[in-house]
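*Asks:* One structure follows; several queries about it will come next.
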There are 2 protein chains.
Amino acid sequence: MEFRLAKRMSNLKASEIRELLKLAEMPEIISFAGGMPAPELFPIKEMELVTKKVLEDQGKLALQYGPTEGYRPLRKIIAEQRMKKSGVNADENNILVTSGSQQGLDFTGRIFLDKDDIVICESPSYLGAINAFKAYEPKFVEVPMDDNGMIIEELEKALSENPTAKFIYTIPDFQNPTGKTLSVDRRKRMVELAEKYNIPIIEDNPYGELIYEGDVLPSIKSFDKNGIVVYLGTFSKTFCPGLRIGWVCADKEILSKYIIVKQGADLQTNSMSQREAAIFMENYNLNDHINKIKEVYKKRRDLMLETMKQEFPENCTFTYPKGGLFTWVTLPEGLDAAKILEICLKENVAFVPGGSFFPNGGHSNHFRLNFSNMTEEKIVEGIKRLGKVLRSL
Amino acid sequence: MEFRLAKRMSNLKASEIRELLKLAEMPEIISFAGGMPAPELFPIKEMELVTKKVLEDQGKLALQYGPTEGYRPLRKIIAEQRMKKSGVNADENNILVTSGSQQGLDFTGRIFLDKDDIVICESPSYLGAINAFKAYEPKFVEVPMDDNGMIIEELEKALSENPTAKFIYTIPDFQNPTGKTLSVDRRKRMVELAEKYNIPIIEDNPYGELIYEGDVLPSIKSFDKNGIVVYLGTFSKTFCPGLRIGWVCADKEILSKYIIVKQGADLQTNSMSQREAAIFMENYNLNDHINKIKEVYKKRRDLMLETMKQEFPENCTFTYPKGGLFTWVTLPEGLDAAKILEICLKENVAFVPGGSFFPNGGHSNHFRLNFSNMTEEKIVEGIKRLGKVLRSL
């Protein structure tokens, strides 16, 4: 049957790279492709206790429909623990629980974007956000970055040239894909610019708590006095992605739009998982768990970067992320990382080619490496294999 | 902060009725408003065992990211157990797991609808579907129903007058809100018409297995030879809504569009709940559980209808549903059920006024009653209170 589909569907094609990366799921492949946490660190024993408690004490409620806004005690914990840690004063009425922060991205597109509206974002930016926004057919204006994140003068230029832009999308901490961090000073400047142009900031912050050097940075939202920042958070990197629990933190008026959209999109997030997360965080200190994760990921990061220094040819440069899950490799101009991936897959090692992180195309001489999901042994072996391919080019 | 939002947001307003119905959540209210299962029937003990098993045997996978398509063994169970029961030959490659079937509705809108496209639906139709589709700014053509569901001659008229309509949306079994059922003969005719006009059918079937008289009816999709029917299913009514597990069953080509859209919308449905559902259905027979539910709901339906016959004034008519969760009350023309709700809330009894189930407005002299969620005692007491208000008008 040939169906007549909505026009937006022509922008949403199955990516060839996604197909290629399905190969990366085979067990013999050392994959630096995904953005997955280390499963050996999941608090499985604790989850067994928590789940038992949820079903015993509140089974009828945990298996029933719940409110669209989310389970109130969890919203309170998110406001008082997570948001406070990143410098934000919020309460549960500022929190909507979403099915992962990917859903927060989709809702952002739905709330703000008409066809041909402008999204201002980092160059490169998160592939999943680009795809979520593309469903609403916007145009992207990419703002160049340096080692301190989005270059503020370039952002101001983009804003003054596109004063009707609908929002600035940014991942300030250990950005996906580059691993770069927006300096604190630039965070303040970004809020000032957003206010000057009356254009909201969508702060996507999945990695902020995974900082390996120093304390958690104040979020952009922590500098927001007038409700111009919508903050997207998630437990996928600090707890368990399989539970699909993220959140939106925003002023009540704009949050009410997210709630209406959620009602139509999936009614509510999983009742049982929300209660499990809440009971976990009432009975254990998530910060302790995060410290355990950080220790392991820091080691993996150090080992990966050290091995890259030894094994990669000198004309390949890469970033030194202070946190998060990724480093970003730049090859000499003219090389195509997607083609190199095909060779690497034959050597049983995988990464994500960088081109898809640029919404307007180009820049195929980059790729992204994840260091959280593979063991130290596999990191060394995988980087050696990669280095061998790169040196052979 | 005043934000410039997408145009679609002007269609998506917080409904006054939803605000009113928040009152219905107070414990002193006997609420026939929601569409919630009876929580005392949830298989809590079994879920304790199942959850323990999932975490013990496959904890790392249950807490990790999983494939967008869903957990393969669950997809297989859905195809081989649920779809087969409604007469459909499908395998796991025809199944996408969604976060409730509400998400299937949202995706349907996203895949098919451009602004001002036409949706053909029953008059009245499911409020949640209307709201999900409205995010994509379509127009609705309502097809009148009789006791056997959508009137086929009226459907043909709607199709011939709107040959560019994007899809026919229907809830064939114990429809929400009317409780009416599309006759088997009309199901066949509907498929023929869909093929004649090359317009797909979206078959939303949350209640089909909750039939209180006779066997499960063959679904519309069971008559589909050419992939013109997209079937939306869910475990929310037959198992546990809090797990948010629904599915789309469709031919692979159109299903691939739903998968792409899901990737951008929320990456995947909760890994842990998918595995819990699968392990439950491998270890217990869901049909046994459904039989237990049916026995209770049938009694509640009978009791509600019997009490309505005694307590309601003669100028109020209502449907006799053969299954599902709802009966539909028609008041004399000129009465406004939304106004009557305000009076009823003072008497601590609630329902959903019917107007919102008509996408093009009007018809305020109807309301919907749910009989699954309240105990027999409360059903009798609540209907008495309702009857008292109705007789006083």
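The values are calculated or read from the model by the stated rules, or taken from the named source; none is laboratory data. Model, not experiment: these values are computed from the prediction. We place every Cβ from the backbone using ideal geometry, glycine too, and count neighbours over all the protein chains shown.
*Asks:* If you take the residues in the range A:112-143 that are among the acidic types (D, E) and more than 9 Å from chain B (Cβ to nearest Cβ), which one is surrounded by the most Cβ atoms within 10 Å (Cβ to Cβ)?
*Replies:* Narrowing the range A:112-143 to residues among the acidic types (D, E): A:114, A:116-117, A:122, A:137, A:142.
Right, trim to more than 9 Å from chain B (Cβ to nearest Cβ) and you get A:116, A:122, A:137, A:142.
Details: A:D116: 9, A:E122: 28, A:E137: 18, A:E142: 20.
Here the answer is A:E122.
*Asks:* When the residues of the range A:245-276 are filtered to those that are more than 20 Å from the chain's Cα centre (by Cα), among the polar types (S, T, N, Q) and assigned to a loop (DSSP other than H, G, I, E, B), which remaining residue is farthest from the other protein chains (Cβ to nearest Cβ)?
*Replies:* A:Q268
*Asks:* For the range B:190-209, how many residues are more than 14 Å from every other protein chain (Cβ to nearest Cβ), within 15 Å of B:K322 (Cα to Cα) and touching a Ser or Thr at 6+ places or on another chain (Cβ under 7 Å)?
*Replies:* The qualifying residues number 3.
*Asks:* Then there is this: So which residues in the range B:50-71 are free of Cβ contacts under 8 Å to residues at least 12 places away in the same chain and either among the basic types (K, R) or more than 9 Å from chain A (Cβ to nearest Cβ) (or both), if there are any at all?
*Replies:* B:K52, B:D57, B:K60
*Asks:* Can we say A:L74 is touching a residue at least 40 places away in the same chain (Cβ under 8 Å), in the same structural domain as A:G128 (by TED's automatic domain parsing), out of contact with any Leu (no Cβ under 9 Å at 6 or more places or on another chain) and surrounded by 15 or more Cβ atoms within 10 Å (Cβ to Cβ)? Even if it seems obvious, please write down each step before you answer.
*Replies:* Numbers: touching a residue at least 40 places away in the same chain (Cβ under 8 Å): yes; in the same structural domain as A:G128 (by TED's automatic domain parsing): yes; out of contact with any Leu (no Cβ under 9 Å at 6 or more places or on another chain): yes; surrounded by 15 or more Cβ atoms within 10 Å (Cβ to Cβ): yes.
Against the criterion (touching a residue at least 40 places away in the same chain (Cβ under 8 Å), in the same structural domain as A:G128 (by TED's automatic domain parsing), out of contact with any Leu (no Cβ under 9 Å at 6 or more places or on another chain) and surrounded by 15 or more Cβ atoms within 10 Å (Cβ to Cβ)), A:L74 qualifies.
*Asks:* Taking the range B:346-372 only, how many residues are outside any loop (DSSP other than H, G, I, E, B), touching a residue at least 24 places away in the same chain (Cβ under 8 Å) and over 19 Å from the mean Cα position of the chain (by Cα)?
*Replies:* Number satisfying all stated conditions: 2.
For every residue, the table says whether it meets (1) under 15 Å from B:A250 (Cβ atoms); (2) of a type in the set (V, I, T).
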residue	(1), (2)
B:T164	no, yes
B:F174	no, no
B:A194	yes, no
B:Y197	no, no
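*Asks:* If you don't mind, another one. Identify the residue in the range A:231-244 that is at the interface with another protein chain (Cβ under 9 Å from one of its Cβ atoms) and not small (G, A, S) and, among all such residues, is nearest to A:K166 (Cα to Cα).
*Replies:* Step one: filter the range A:231-244 for residues at the interface with another protein chain (Cβ under 9 Å from one of its Cβ atoms), giving A:236, A:239-244.
Checking the rest, the ones that are also not small (G, A, S) come to A:239-241, A:243-244.
Numbers: A:F239: 32, A:C240: 32, A:P241: 29, A:L243: 31, A:R244: 27 Å.
Taking the candidates together, the pick is A:R244.
*Asks:* Here's something else I'd like to know. Working only within the range A:223-242, note down all residues that are touching a Ser or Thr at 6+ places or on another chain (Cβ under 6 Å) and over 15 Å from A:G104 (Cα atoms).
*Replies:* A:G242 - this is the single residue of the range A:223-242 that is touching a Ser or Thr at 6+ places or on another chain (Cβ under 6 Å) and over 15 Å from A:G104 (Cα atoms).
*Asks:* Additional query: Kindly establish whether A:T375 is modelled with pLDDT of 95 or more and under 23 Å from the mean Cα position of the chain (by Cα).
*Replies:* Yes: the conditions hold for A:T375.
*Asks:* Does A:S222 satisfy being within 12 Å of chain B (Cβ to nearest Cβ) and of a type in the set (G, A, S)?
*Replies:* no
*Asks:* Does at least one position in the range B:328-339 carry a residue that is closer than 22 Å to B:Y212 by Cβ and surrounded by fewer than 14 Cβ atoms within 10 Å (Cβ to Cβ)?
*Replies:* Checking the range B:328-339: not a single residue is closer than 22 Å to B:Y212 by Cβ and surrounded by fewer than 14 Cβ atoms within 10 Å (Cβ to Cβ).
*Asks:* So B:E28 fits all but one of (1) surrounded by fewer than 16 Cβ atoms within 10 Å (Cβ to Cβ); (2) in contact with a helix residue (DSSP H, G or I) (Cβ under 8 Å, 6 or more places away or on another chain); (3) more than 7 Å from chain A (Cβ to nearest Cβ); what number is the exception?
*Replies:* (2)
*Asks:* If I filter the range A:206-229 for residues that are assigned by TED's automatic domain parsing to the domain that holds A:G70, touching a Cys at 6+ places or on another chain (Cβ under 8 Å), at pLDDT 95 or above and not in a loop (DSSP other than H, G, I, E, B), do I get at least one hit?
*Replies:* yes
*Asks:* Take B:Q310 and decide whether it is part of a helix (DSSP H, G or I) and within 14 Å of chain A (Cβ to nearest Cβ).
*Replies:* Considered against the rule, which asks whether it is part of a helix (DSSP H, G or I) and within 14 Å of chain A (Cβ to nearest Cβ), B:Q310 comes out as no.
*Asks:* Now, a different point. Since A:G109 meets every condition but one in (1) in a strand (DSSP E or B); (2) crowded, with 24+ Cβ neighbours inside 10 Å, which condition does it not meet?
*Replies:* Every condition holds for A:G109 apart from (1).
*Asks:* A further question follows. Could we say that A:N93 is surrounded by fewer than 17 Cβ atoms within 10 Å (Cβ to Cβ), more than 9 Å from chain B (Cβ to nearest Cβ), of a type outside the set (A, V, I, L, M) and in contact (Cβ under 8 Å) with a residue 12 or more places away in the chain here?
*Replies:* Working: surrounded by fewer than 17 Cβ atoms within 10 Å (Cβ to Cβ): yes; more than 9 Å from chain B (Cβ to nearest Cβ): yes; of a type outside the set (A, V, I, L, M): yes; in contact (Cβ under 8 Å) with a residue 12 or more places away in the chain: yes.
The answer is yes for A:N93.
*Asks:* For the range A:229-253, which residues satisfy the criterion of being touching a strand residue (DSSP E or B) at 6+ places or on another chain (Cβ under 9 Å) and either under 21 Å from A:K322 (Cβ atoms) or surrounded by fewer than 23 Cβ atoms within 10 Å (Cβ to Cβ) (or both)?
*Replies:* Selection gives A:Y231, A:L232, A:G233, A:T234, A:S236, A:D251.
*Asks:* Among the residues of the range A:195-212 satisfying the criterion of being farther than 17 Å from A:H289 by Cα and among the acidic types (D, E), which is surrounded by the fewest Cβ atoms within 10 Å (Cβ to Cβ)?
*Replies:* Per the criteria, the residue is A:E195.
*Asks:* A further question follows. May I ask you to list the residues in the range B:146-188 that are of a type in the set (D, E) and either part of a loop (DSSP other than H, G, I, E, B) or at positive phi (or both)?
*Replies:* B:D147, B:D173
*Asks:* Still on this structure, I have one more. Quick one: is A:I254 hydrophobic (A, V, I, L, M, F, W, C), at pLDDT 95 or above and over 18 Å from A:D204 (Cβ atoms)?
*Replies:* The answer is no for A:I254.
*Asks:* Kindly indicate whether B:I340 is outside any loop (DSSP other than H, G, I, E, B), in contact with a helix residue (DSSP H, G or I) (Cβ under 7 Å, 6 or more places away or on another chain), of a type in the set (A, V, I, L, M, F, W, C) and more than 20 Å from B:P206 (Cβ to Cβ).
*Replies:* Considered against the rule, which asks whether it is outside any loop (DSSP other than H, G, I, E, B), in contact with a helix residue (DSSP H, G or I) (Cβ under 7 Å, 6 or more places away or on another chain), of a type in the set (A, V, I, L, M, F, W, C) and more than 20 Å from B:P206 (Cβ to Cβ), B:I340 comes out as yes.
*Asks:* Select from the range A:2-16 the residues that are touching a helix residue (DSSP H, G or I) at 6+ places or on another chain (Cβ under 7 Å) and surrounded by fewer than 17 Cβ atoms within 10 Å (Cβ to Cβ) and write down the one among them that is nearest to the other protein chains (Cβ to nearest Cβ).
*Replies:* A:A14
The rows are residues; the columns are (1) of a type in the set (D, E, K, R); (2) closer than 20 Å to B:S222 by Cβ; (3) touching a Cys at 6+ places or on another chain (Cβ under 9 Å).
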| site | (1), (2), (3) |
| --- | --- |
| B:L61 | no, no, no |
| B:E69 | yes, no, no |
| B:E80 | yes, yes, no |
| B:I118 | no, no, no |
| B:E122 | yes, yes, no |
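*Asks:* Here's something else I'd like to know. Does B:P321 meet the test of being assigned to a loop (DSSP other than H, G, I, E, B), buried (at least 17 other Cβ atoms within 10 Å of the Cβ) and not assigned by TED's automatic domain parsing to the domain that holds B:L127?
*Replies:* yes
*Asks:* Which number in (1) closer than 30 Å to A:V184 by Cβ; (2) of a type in the set (V, I, T); (3) within 12 Å of chain B (Cβ to nearest Cβ) marks the one condition that A:I77 misses?
*Replies:* For A:I77, the failing item is (3).
*Asks:* Does B:K22 meet the test of being more than 29 Å from A:Q103 (Cβ to Cβ) and basic (K, R)?
*Replies:* no
*Asks:* Tally time: how many residues in the range B:187-231 are touching a residue at least 12 places away in the same chain (Cβ under 8 Å) and within 20 Å of the chain's Cα centre (by Cα)?
*Replies:* Total meeting the criteria: 26.
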